[in-house]
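Readers should treat all values here as calculations from the given coordinates under stated rules, not as data from a laboratory. Please read these numbers as outputs of a predicted model, since none were measured by experiment. With ideal geometry, Cβ positions are generated from the backbone for all residues, glycine too; neighbour counts draw on all protein chains shown.
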Amino acid sequence: MRYRKLGNTGLVVSELGFGTIPILRGRVPVLPQYYNPDTPTAVAIMKKAYDLGCNLYDTAIPEEYGDAQMKLGEFAATVDRKSIIISDKARFYSGADIYREVLRSIENLGTEPDIYFVHQVDDDCADEVFGRYGALDALYDLKREGKIGFTGIASHYYSVLYRAALDSRVDVLQGSGNILERGMLDRVREEKAFCEKGFILNKVYAAGLLIGPFSVPELIGGVLEYPFSSALLGIGTFEQADEAFAEEYDPVHFSFEEVVARLKERFEPVACDRCERCVCPFGHEIHTSFRQFNYYHLGKEFWAVNKLKMDLENTYRHCLSCTEHACMRECLRGLHMPEEIERVHELVRAWGKE
């Protein structure tokens, strides 16, 4: 296992970290597989990763990750606490709410988390999170009180992560990316503001969906060129822990065109890398619609279609009538947005007829 510095925190983290969603017990709609290990088994899986050199374990509150937080606490009690780094998170945006959740997380874990993230921050809630008496203010206070080690912002949006990178209260960022959805990683790599922050990468396997078209060594090796501190891998079995952590992977470079060509062996993907430059004048997240289209064909049929249904009709109507096309001017992949949205719309229509 190789190790990297976590920004300016002074912490050193394993290059690959343990994502705890797959060890929770219960049904998880966003995962293509469900593992449901009991607590002794989950603890043993985490211990196997630990023995192979993993020292970063990422979790969230029960409303998001089920009993994974408590299982991680059980595991933490079996090893030298100083030898592991626990990152935790909660999807609450006011200071009072996140403060309460941190105290509950400490109780569930039986220890103070080393990093605590405001989870799933987007542009709609960012002003509350970053504003006075918001969640970030509360985390900063909790850090000074010694209840957490470092503060964090977790988001799927470049705009939010960039704002966090410029904020002196933020120690660590958590964002998503993989060899397909690499656009945000490319932007992070090019922007100097990110250099001072620790960066934890998630969705390396795209919730397991890219395993099949690509091997685990290809998926891990394919992101190693990016400047993250640790890449989280969702681990739910002993076999997955062994495959992920038992060896050091060499960097593998895939061009975006090579990745799309591999996917074309299975379906016709929307060739979007989710750089998030396609800002829509009507406020629609075009890149998210494209992501759900691709995820549908990679195995998340029901979940993807239901996510698409939330705003697709408005997106479709506005896209076909729009005359500005700022999204196409900014798209580095040269996508014709109305044509691609038409394909997404047809997918949902066909699903409704089944």
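Rounded to the nearest 5, what is the percent of antiparallel bridges among the DSSP beta bridges in segment 3-245? Just about 10 percent of them are antiparallel. The convex hull built on the alpha-carbon positions of segment 89-220 has an orientation-averaged projected area of 8.6 nm².
For segment 106-197, trypsin sites (Lys or Arg not before Pro) are listed when DSSP marks them as loop and at most 14 other Cβ atoms sit within 10 Å of their Cβ; the list is Arg132, Arg169.
Model label points for Ala77 and Asn36, set 7 angstrom from Cα along the Cα-to-Cβ axis, are 2.5 nm apart. Considering only the other residues whose Cβ falls under 12 Å of the Cβ of Leu166, what net charge follows from Lys and Arg at +1 and Asp and Glu at -1? With Lys, Arg at +1 and Asp, Glu at -1, the net is +1. Once the cut-off is 34 Å, how many percent of the Cα-Cα pairs in the chain end up in the long-distance tail? Beyond 34 Å sits 24 percent of the P(r) for the chain. The simple Förster model, with R0 at 22 Å and r as the Cβ-Cβ distance, assigns Arg343 and Met310 a FRET efficiency of 0.80. Taking a sphere under 13 Å around the Cβ of Arg104 and counting the other residues whose Cβ falls inside, with K and R at +1 and D and E at -1, yields a net charge of -4.
Taking the three principal axes of the alpha carbon atoms in segment 142-261, the coordinate ranges are 45, 34, 22 Å, sorted in descending order. Taking a ≥ b ≥ c as the square roots of the eigenvalues of the Cα gyration tensor, segment 113-156 is oblate, since a/c reaches 1.5 or more and a/b is not larger than b/c. Against the compact-protein benchmark of 2.2 N^0.38 Å, the Cα-based radius of gyration of segment 267-353 scales to 1.01. Other residues whose C-beta falls under 11 angstrom from the C-beta of Ala241 contribute a net charge of -2, scoring Lys and Arg +1 and Asp and Glu -1. Once C-alpha pairs closer than 8 Å and six or more residues apart are averaged by separation and normalised to the residue number of the chain, the relative contact order reads 16 percent. If you put +1 on each Lys and Arg Cβ and -1 on each Asp and Glu Cβ, how big is the dipole of segment 3-245 around its Cα centre, in Debye rounded to 20? In debye, rounded to 20, segment 3-245 gives about 300.
Which entries of Lys48/Lys147; Lys197/Lys309; Lys192/Lys309 show an alpha-carbon separation above 30 angstrom in the structure shown? Distance filter (> 30 Å) returns Lys197/Lys309; Lys192/Lys309. Taking label positions 7 Å along the Cα-Cβ direction at both Ala350 and Phe267, the computed distance is 0.9 nm, reported to one decimal.
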